[in-house]
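The values are calculated or read from the model by the stated rules, or taken from the named source; none is laboratory data. In this text, all values refer to a predicted model and were calculated from it rather than measured experimentally. Cβ: placed from backbone, ideal geometry, glycine included. Neighbour counts: every protein chain shown.
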């Protein structure tokens, strides 16, 4: 029989007891929890879809949250808050994270003032290590700022809030006319409406170190987000006081041209001499886990100061927000999804992404360039990300900046509608720009294949019972190209069931896919149903010396068959196993 205390607690996933509420905001609630199996304290983020979102878009939003949480689940690093588990409760995703008693850097600066050069070096060294691990795993943080850098009570430094469930006020959509991130720390190209790349995290790291050294954000125009974003895009880059190598690193990171920003490895090399002992680990167990405990003054009193939501950018947000400090609140969603759903959820038996990142795309701005595949004319009518920055006139850039600021101010479904209208889009719909040609980037993977994929697509890696699955997802989350190696054709055929695909229902063409595959047919398609989400998948079996590869393209079922089939043909034709 349960105790009165247990009766008041909520159990999820058969093992996690939720007790005290640690914070709440527009996109979710953070709970203090307890893992009954491993007997440890955890933080649990319950994700919520903002009211007024159509059901189809809400389902797609939840799916994106789950996908990013799974990707982060494979990222294990001493300077990153660990994602332990993702639990689906009645269709709502809950993310179980490491519980870390801590303060965020924004709170620390507000309470104790600016950091000295050595303290800032520790923060920069640890945060650079966290971002390097994330980028190698194909993950871009998108919102690096002092409020997302945690300093634990024992002095460890960890990065949190990787985009699982950002507050709507902080995380508008990244389609045309919208920006992503906090105004004071957002990269200029993102504020101007361009795509978010790992280079945006480099700017965020530089801006965070600027705030640590100066005790204030690099940009804050009278607390006005519109003026602040405009200053980020058009104004001069501020320079911190002379703090030696730290100031040099800040100057090399806060460069408006993304490709010219200092790589993370060089950031660590520049900051390493400022740490306590360059020859020994800075924290027991790992050279990548610096500590501030020996540098910081004691806490003002034994009673923890009131936690405050991160507002270090000087920009107010609407409504209460969960505080990630005490509970290490999980990341908030990178972007709300487009109306069309994203890729399929991981099928049963999937343990989550490997996070090794060994085959991830090159992210160092100064690293060797990736081979660009000539444009493929077979992709007729292919959706494109939009006009290039050079093609956008100045007045339109200003409109994009203002539109993004509107979202930051409103942070609700109504705010999204206003902003999308300003950018020429209907509220809660996806507008695509078609093009006759698409530029593909050659990706060589250590698993043993080469493929050309659109440059803006994001790579994810998942560990399944059958091995590693590598996926590339379009920026709007509606298209997924994936590949996985199997031992034989029979293994591929066995998984062609609703259960094997992790969906409610499936229709194949031809109707008997197992017989078709086993008889030597190398290509087929199928339509899946999962709740109200309907998708079409094209599958090709590619023979290899050590088995076969299954390559697939999954798109919304209402997408033009001819356009998607052309895209699949272009991508699948460019897939080459090693030794073929």
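Within the stretch 536-556, identify whether any single residue is crowded, with 18+ Cβ neighbours inside 10 Å, more than 30 Å from residue 136 (Cα to Cα) and modelled with pLDDT of 90 or more, and answer yes or no.
yes
For residue 518, indicate whether it is within 31 Å of the chain's Cα centre (by Cα) and either in the same structural domain as residue 448 (by TED's automatic domain parsing) or under 21 Å from residue 453 (Cβ atoms) (or both).
No: the conditions fail for residue 518.
Within the stretch 60-82, identify whether any single residue is free of Cβ contacts under 8 Å to residues at least 40 places away in the same chain and within 21 Å of the chain's Cα centre (by Cα), and answer yes or no.
yes
When you check residue 220 against the structure, is it surrounded by fewer than 21 Cβ atoms within 10 Å (Cβ to Cβ), out of contact with any strand residue (DSSP E or B) (no Cβ under 7 Å at 6 or more places or on another chain) and within 20 Å of residue 105 (Cβ to Cβ), yes or no?
The answer is yes for residue 220.
Within the stretch 478-520, how many residues turn out to be under 29 Å from residue 445 (Cα atoms), in contact (Cβ under 8 Å) with a residue 12 or more places away in the chain and outside any helix (DSSP H, G or I)?
Summing the residues that are under 29 Å from residue 445 (Cα atoms), in contact (Cβ under 8 Å) with a residue 12 or more places away in the chain and outside any helix (DSSP H, G or I) in the stretch 478-520 gives 15.
Working carefully through the options 463, 523, 507, find the one that is more than 16 Å from residue 572 (Cβ to Cβ) and more than 30 Å from the chain's Cα centre (by Cα).
Of 463, 523, 507, the one residue that is more than 16 Å from residue 572 (Cβ to Cβ) and more than 30 Å from the chain's Cα centre (by Cα) is 507.
Within the stretch 521-535, count every residue that is outside any strand (DSSP E or B) and either in contact with a strand residue (DSSP E or B) (Cβ under 7 Å, 6 or more places away or on another chain) or buried (at least 20 other Cβ atoms within 10 Å of the Cβ) (or both).
Count: 1.
Going through the stretch 537-563 one residue at a time, which ones are under 30 Å from the mean Cα position of the chain (by Cα) and farther than 17 Å from residue 483 by Cα?
556, 557, 558, 559, 560, 561, 563 - these are the residues of the stretch 537-563 that are under 30 Å from the mean Cα position of the chain (by Cα) and farther than 17 Å from residue 483 by Cα.
Name the residue, out of 42, 95, that is touching a helix residue (DSSP H, G or I) at 6+ places or on another chain (Cβ under 6 Å) and part of a strand (DSSP E or B).
Of 42, 95, the one residue that is touching a helix residue (DSSP H, G or I) at 6+ places or on another chain (Cβ under 6 Å) and part of a strand (DSSP E or B) is 95.
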